[in-house]
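Asker: The structure that follows is given in the form of structure tokens.
The values are calculated or read from the model by the stated rules, or taken from the named source; none is laboratory data. Not measured: the values here are computed from a predicted model. When we count neighbours, we look across all protein chains shown, and the Cβ atoms used for this are built from the backbone with ideal geometry, even at glycine. Heavy atoms of the whole protein, side chains included, go into the accessibility calculation; ligands, DNA and RNA do not. Shrake-Rupley method; radii C 1.70, N 1.55, O 1.52, S 1.80 Å.
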Amino acid sequence: MRLLLENKMILWRCLDNVFNDKELTNIVQICDEMPLQKATVGANNTKRVDESIRNSNVCFMENNVVTSGIYERIIKAANYTNNSTFKYLLDGHEKFQYTTYDDTYNGHFTWHMDIKLDNSLEKVRKLSFTLLLNDSFEGGDFEILTSSETKAFKLPAKKGRILFFPSFIIHRVTPITKGQRKSIAGWFYGPPFK
């Protein structure tokens, strides 16, 4: 377990060994059988493909008999992390997203937040996560911006590590320079922050 603090606010937390190597290999096999599509940017009626902002392939994972074990383990890890660290009021999650970033198309995702800036929403993303499924790539660093940093802060990536962070943290995935980065991302939501 690692924590990053800024002005007594926890910016991220990571958990290791939620899945072992054999389980990670199985997860990749399951996800690689899912149909991928170009990732989009924007919300609802403004969704579009813009490879200058985000260049990756994604698939939203159904929670079914094949993937239920993945969901159960990540939800348990998220609940533990939230209850012991962030203490947000959470009452659900969106479908998890399998994402691949590849060096053949300069895979990346520029600076962004996961939270939607819309005060009319009944539920908002509060806790985001990314689970790194492999380590056979170069580049593809997961970075965040903090108010005290003059440059990006690179979070410690490791195969099988789940990084949890508030959805309002600005973050990115730097361009892949060799190989293919595979991950699962997701968002837990609840009533708007007060």
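Asker: For ASN64, which of the numbered conditions (1) part of a helix (DSSP H, G or I); (2) more than 22 Å from PHE164 (Cα to Cα) fails to hold?
Answerer: Just one mismatch for ASN64, condition (1).
Quick grid of which residues meet (1) of a type in the set (D, E, K, R); (2) within 16 Å of the chain's Cα centre (by Cα); (3) surrounded by 14 or more Cβ atoms within 10 Å (Cβ to Cβ):
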residue	(1), (2), (3)
VAL18	no, yes, yes
THR67	no, no, yes
ILE70	no, yes, yes
TYR88	no, no, yes
GLU94	yes, yes, yes
MET113	no, yes, yes
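Asker: Then there's this: Which condition number in (1) closer than 21 Å to VAL18 by Cβ; (2) at pLDDT below 95; (3) of a type in the set (D, E, K, R) is the one that LYS182 fails?
Answerer: So the condition that LYS182 fails would be (2).
Asker: Shifting gears a bit: Specify which of the listed residues (SER120, SER136) is open to solvent by 40 Å² or more (accessible area, probe 1.4 Å), within 28 Å of PHE19 (Cα to Cα) and at pLDDT below 95. Before you say what the answer is, go through the steps one by one.
Answerer: On the way: SER120 fails: within 28 Å of PHE19 (Cα to Cα).
Result of the check over SER120, SER136: SER136.
Asker: Which ones in segment 116-136 are closer than 20 Å to ASN83 by Cα and either under 12 Å from the mean Cα position of the chain (by Cα) or not in a loop (DSSP other than H, G, I, E, B) (or both)? Steps first, please.
Answerer: We begin by selecting, within segment 116-136, every residue closer than 20 Å to ASN83 by Cα; these are 123-131.
Matches in segment 116-136: VAL124, ARG125, LYS126, LEU127, SER128, PHE129, THR130, LEU131.
Asker: So how many residues does segment 144-165 have that are out of contact with any Leu (no Cβ under 7 Å at 6 or more places or on another chain), open to solvent by less than 70 Å² (accessible area, probe 1.4 Å) and part of a strand (DSSP E or B)?
Answerer: Within segment 144-165, residues that are out of contact with any Leu (no Cβ under 7 Å at 6 or more places or on another chain), open to solvent by less than 70 Å² (accessible area, probe 1.4 Å) and part of a strand (DSSP E or B) number 1.
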